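A.B. asks: Can you read through this structure? Questions will come right after.
The values are calculated or read from the model by the stated rules, or taken from the named source; none is laboratory data. Quantities reported herein were computed from a predicted structural model and do not represent experimental measurements. Here the Cβ positions follow ideal geometry from the backbone for every residue, glycine too, while neighbour counts run over all protein chains shown. Just so you know, the surface numbers come from the protein's heavy atoms only, side chains and all, with ligands and any DNA or RNA stripped out. Shrake-Rupley method; radii C 1.70, N 1.55, O 1.52, S 1.80 Å.
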Amino acid sequence: MGFLRIRTTVDERPGRLASLAAALAEKGGNILGLSVHPDADGTVDEFVAEIPAAPEVVREALEAAGGRRVQVVAATAHELTDEPTRVLLLASRLRTAPWRLPELLAELLRADDARWVYGSEMSDLPDPTLLTVPVAPRRAIRLRRTELPFTLTEAARAASFVRLAQPAADPVSTAERAVKLTDGTETQIRPLTRLYREAVRDLHDRCSPETRRFRYFTSMPTLPPRIFDRLCDRTRGHSLVAGYDGQVIALANLMFTPDPGIAEMAFLVEDRWQGKGLGTALARMVLAEARDLGFAEVKASLLSDNARMRRLLVSLGATLSHTDDPGVVEARLAIGVMAAASPS
């Protein structure tokens with residue numbers, strides 16, 4: 001006797017479920033689990049049953065009892081866990097490790113695999129064994145399950161699960177925003193564009209060698225044009241400048257990485273503006289931007305003696321870890337942790 005996972009579509013008529021259960025019982029089946037999926041052309045009933053009959057015999061019996069598109073696949077005792085408990089445990093794991101969203105989503109829907117897709121790859125495909133779950137306007141997760149097509153109910157469950165990794169929050173507009181610092185000074189935050197080339201050059205001129213070293217890991221007196229142009233390229237990242245009295249006094253960068261689920265951030269704040277809350281304000285705006293773009297995690301690399309940056313990232317909920325370079329520390333911050341923190 002083996003375990004089987006059985007799915008069949010039925011018309012919504014009284015007695016249909018009883019007919020299916022009777023057909024399974026006639027074949028010696030013991031129903032151990034049942035779920036119901038409302039779908040486009042009826043209801044999909046799913047059973048987990050311990051049954052001695054062959055899958056083909058079970059399929060024929062359910063078709064005779066009024067089932068349509070009957071599918072029977074092998075199951076294991078592991079699948080007999082209480083379903084609400086299983087989902088709650090997955091949700092708990094997601095909250096502590098949101099960057100594992102594809103893996104956990106695949107586990108939720110018992111998919112064969114899951115991967116990030118973005119851009120033109122996000123278009124829906126006419127294949128019921130593939131499910132594309134939007135995470136943000138430019139990012140999605142594509143699931144594949146060859147034996148059992150996805151239902152509309154499962155698509156809704158997946159969308160709800162994804163929201164756990166992207167907590168509800170008011171979108172933060174970075175078009176232009178005023179930020180009041182701890183000393184009462186008000187600065188203006190705007191997206192970085194090529195119009196700020198000279199102002200950013202002047203910012204670097206005014207920063208001390210140590211401040212530049214903390215940002216670039218070397219005392220870089222000027223920002224090379226190629227790096228500035230890369231920071232302005234919004235297909236490679238989003239950057240912000242903070243301005244006061246006609247000068248750029250800080251630069252914040254959110255750069256995309258080869259992993260579509262992870263972005264990287266870095267900051268440069270002019271020496272005389274440090275310690276006034278500007279770095280914290282920029283960090284929160286950059287992280288909110290990452291959330292709205294659909295990233296699950298943001299990382300940052302910093303020199304081990306950059307105490308100010310360490311304190312800032314830890315205050316936002318980041319975890320620090322050593323790297324192969326003893327002088328460099330890596331910080332990783334789950335977007336869900338940041339979103340749950342109270343604003344400064």
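A.B. asks: For the chain, what is the mean residue ellipticity at 222 nm derived from helices alone (per DSSP H run of n ≥ 4: -39500 (n - 2.57); sum divided by total residues; nearest 500 deg cm²/dmol)? Intermediate results must be reported in sequence, preceding the final value.
C.D. replies: Details: 11 runs with 113 residues, N = 344.
Value at 222 nm, helices only: -9500 deg cm²/dmol.
A.B. asks: Among [x] 1.05; [y] 0.96; [z] 1.14, only one was calculated for this model; which label is it, if the read-out is Rg/Rh (Cα atoms, Kirkwood Rh)?
C.D. replies: Working out Rg/Rh (Cα atoms, Kirkwood Rh) from the coordinates points to [z].
A.B. asks: Determine the shape class of the stretch 200-344: with a ≥ b ≥ c the square roots of the Cα gyration tensor eigenvalues, call it rounded for a/c under 1.5, and otherwise prolate if a/b is greater than b/c, oblate otherwise.
C.D. replies: rounded
A.B. asks: Moving to a separate point now. Classify the stretch 32-93 as rounded, prolate or oblate, taking a ≥ b ≥ c as the square roots of the eigenvalues of its Cα gyration tensor: rounded when a/c is under 1.5, otherwise prolate if a/b is larger than b/c and oblate if not.
C.D. replies: Verdict is oblate for the stretch 32-93.
A.B. asks: As I understand it, the value is the acute angle between the Cα axis of helix 152-165 and the longest principal axis of the Cα atoms of the chain; what does it come to in degrees, rounded to 10?
C.D. replies: It works out to around 30 degrees.
A.B. asks: Which of rounded, prolate, oblate describes the stretch 191-246, given a ≥ b ≥ c as roots of the alpha-carbon gyration tensor eigenvalues and a/c under 1.5 marking rounded, otherwise prolate only if a/b is larger than b/c?
C.D. replies: On the way: a/c = 1.89, a/b = 1.28, b/c = 1.48.
Taking the square roots of the gyration eigenvalues as a ≥ b ≥ c, the stretch 191-246 is oblate.
A.B. asks: How large a share of the accessible area of the stretch 1-132, in percent, is made up of carbon and sulfur atoms when the probe is 1.4 Å and the other protein chains stay in place?
C.D. replies: After summing per-atom areas, the C and S share lands at 57 percent.
A.B. asks: Roll a 1.4 Å probe over the protein chains and send me the accessible area per residue for the chain in Å².
C.D. replies: Details: 16720 Å² over 344 residues.
For the chain, the per-residue accessible area is 49 Å².
A.B. asks: Also: Leaving out same-chain residues fewer than 8 places away, which lysines sit with a Cα under 20 Å from that of Lys180?
C.D. replies: Within reach: Lys276.
A.B. asks: Based on the mean of other beta carbon atoms within 10 Å per residue, what is the order of 3-11, 183-191, most packed first? Don't jump to the answer; show the numbers that get you there.
C.D. replies: Working: 3-11: 20.0, 183-191: 13.9.
Ranked by mean Cβ neighbours within 10 Å, highest first: 3-11, 183-191.
A.B. asks: Let me know the charge dipole size of the chain about its Cα centre in debye, to the nearest 20, where only the beta-carbon of Lys, Arg (+1) and Asp, Glu (-1) is charged.
C.D. replies: On the way: 44 positive and 45 negative charges, 223 e Å.
Roughly 1080 debye, rounded to the nearest 20.
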